[in-house]
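Q: Here you go, one structure.
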Amino acid sequence: AAAARAAREGRTLSSGKDGGTTFPPEGEASGEKKGAVPKDGNGRPVSVSSILFDAEALAAYRARVEKSRRKDVTKNASVVSVGPSSDPSPSDVSSLPSSDQKAKSAKSALSPLQTRGVEVEAAASRAARDGDPAFKAREDEVSRLIEEMSVRAEALEKRRPSALTPAEEAEEDDVAALEAALTAPLTAEQEAAVDAALAPGPSHEVLASGTFAWQGDLSFTRKDVATMAPNQWLNDEMINFTVGAMAAREAKRQVDVGKDGSTQSQPKTHFMSTFFTKKLCGGEAYDYNAVRRWTTKKKLGYDALLCDTIIVPVHQGIHWVLATVELREKRVRLYDSLLGEDHFLLDCLKRWVRDEYENKKGEAVDTSGWAAEHPKEIPRQMNGCDCGVFMLKYADYIASGCPLTFTQADMAYFRRRIVADGLEA
């Protein structure tokens, strides 16, 4: 009864003498004359919690709520709906609700009094659960299970590497070692050698030269090294020499020694020079004959079509990009540090693969279905002069089987690392 009167008048809850939750007497909140407060057999005010935890009192309270609901439906046209009504028929959608429909809607809704009663019951139910030892024990058990599963998941994650085969573990270790080598700090001797190479001197002085596998005789001068200074564009000579050094490194990785002591190399990666695409399609026209002899087995000492990847540095006038022909994956890619695209170039490379198979093996290979991709989630250049360094590092990391984890912040280091590696090559 106290809950019903308080809900109608909008009064707030207060703490009763017995520790339960009670409502102020009628009229007290609105300034009206105070009414009688419901009391129990001992003369104490009846609290809401006492009603809700007394089975007989709760049954009586619910009966009064149901009776009040039937009265409110007929007296009060303003109701609060707590859920969607049944789906209307197509004929009802285009017409306004009738009086019968309003009555049905009213019967399926809760009045403000009912709404308040539901809220009180929910609050009492939560309070009962909080004080229930069995409920608390279940909560503790669930928390314990969650913590146990977290510990087991952490243990499984720590044991995950051990689930790899020995070969897979060795491969992961090799990749980690290669990635660490690609970013290893320069020694004091290397730093001094780089400083000397970048210092003023005769521009045509040859600082390094050599004959590289699959690349031939290459060299670079002090003038070429000057393009490795900060904020400078790299020239073809420096690019080609660096690619030659990478090719030599790849050749050493893939040497197989036979039983008779002979050596044979079938690398996973083949490196083209910067002049390859200029000959193949540099004049905006495809010309396979211009590069037909570049990949003969006699010249290379191995079959280029058995490589996993062919790396192609490309100079686009004032911008360097890297193209790859991935024979095993049957796709061609263009890595551009400015996220540009060159569909003509990739189409030419797919056509080159088809012609190469036909010329070298007499096989008809259809490359029209090969994927032509321009990866976008790659390290990006943030200035106008480091495209050549980005291109070389794309090639370096891809040939080493390492993920592309470097950034623009590494470019100053990479410029000096390229010079140091070139001087030692």
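The values are calculated or read from the model by the stated rules, or taken from the named source; none is laboratory data. Only a predicted model underlies this, so the values are computations on that prediction, with no experimental measurement involved. Here the Cβ positions follow ideal geometry from the backbone for every residue, glycine too, while neighbour counts run over all protein chains shown. Protein only, heavy atoms only, side chains kept; ligands, DNA and RNA dropped before computing areas. Shrake-Rupley method; radii C 1.70, N 1.55, O 1.52, S 1.80 Å.
Q: Please give me, ordered by residue number, the trypsin sites (Lys or Arg not before Pro) of region 340-383 that lie in loop per DSSP and have at most 15 other Cβ atoms within 10 Å.
A: Values: sites: LYS350, ARG351, ARG354, LYS360, LYS361, LYS376, ARG380; in loops: LYS376, ARG380.
Those that pass, being in a loop and sparsely packed, are LYS376, ARG380.
Q: Using only the Cα atoms of region 372-425, build the gyration tensor, take square roots of its eigenvalues as a ≥ b ≥ c, and label the shape rounded, prolate or oblate: rounded if a/c is under 1.5, else prolate if a/b is larger than b/c, else oblate.
A: Values: a/c = 2.10, a/b = 1.34, b/c = 1.57.
Verdict is oblate for region 372-425.
Q: Right, something else. Assigning unit charges at the beta carbon (Lys, Arg +1; Asp, Glu -1) and nothing else, what dipole magnitude in debye, to the nearest 20, does region 325-425 show about its Cα centre?
A: Details: 15 positive and 18 negative charges, 29 e Å.
I would put it at about 140 debye.
Q: So how exposed is LEU338, as accessible area in Å² (1.4 Å probe, rounded to 10)?
A: About 90 Å², rounded to the nearest 10.
Q: Another one. What is the extension gain from ALA371 to ALA180, computed as 0.36 nm multiplied by their sequence separation minus the C-alpha to C-alpha distance, in nm to one decimal?
A: Values: separation 191, 0.36 × 191 = 68.76 nm, distance 3.15 nm.
Fully extending the segment from ALA371 to ALA180 adds 65.6 nm.
Q: So, one more: How much length is gained if the chain between GLN232 and LEU339 is pulled fully straight, taking 0.36 nm per residue apart and subtracting their Cα-Cα distance, in nm to one decimal?
A: This chain segment gains 36.5 nm when fully extended.
Q: Kindly report the accessible area of region 187-228 per residue (heavy atoms of protein chains, probe 1.4 Å, no ligands, DNA or RNA), in Å². Intermediate results must be reported in sequence, preceding the final value.
A: Details: 2230 Å² over 42 residues.
That works out to 53 Å² for each residue.
Q: While we're on this one: Under 5 Å between amide H atoms, partner at least 5 residues away or on a different chain: which partners does HIS270 have, H built in plane at 1.01 Å?
A: Close amide H contacts, sequence-distant or interchain: THR309, ILE310, ILE311.
Q: Using the beta-carbon distance between THR211 and GLN266 and R0 = 22 Å, what value does 1/(1 + (r/R0)^6) give for FRET efficiency, to the nearest 0.05?
A: With a Förster radius of 22 Å, E is 0.60.
Q: Students often get this wrong, so check it: of LYS252/LYS299; LYS252/LYS393; LYS223/LYS330; LYS298/LYS350; LYS278/LYS361, which have C-alpha atoms separated by over 29 Å? Let's see the in-between values first.
A: Values: LYS252/LYS299 17 Å; LYS252/LYS393 19 Å; LYS223/LYS330 40 Å; LYS298/LYS350 24 Å; LYS278/LYS361 25 Å.
Pairs exceeding the cut-off: LYS223/LYS330.
Q: Report the local net charge at LYS278: Lys and Arg +1, Asp and Glu -1, summed over other residues whose C-beta lies under 12 Å from its C-beta.
A: The answer is -2.
Q: Starting at the first residue of region 420-425, write each ³J(HN,Hα) from the Karplus equation 6.51 cos²θ - 1.76 cosθ + 1.60 with θ = phi - 60°, in whole Hz, x for Gly and Pro.
A: For region 420-425, the Karplus curve yields 4, 5, x, 5, 8, 5 Hz.
Q: Keeping all protein chains in position, work out how much accessible area TRP233 exposes to a 1.4 Å probe, and write it in Å² to the nearest 10.
A: Here the accessible area works out near 140 Å².
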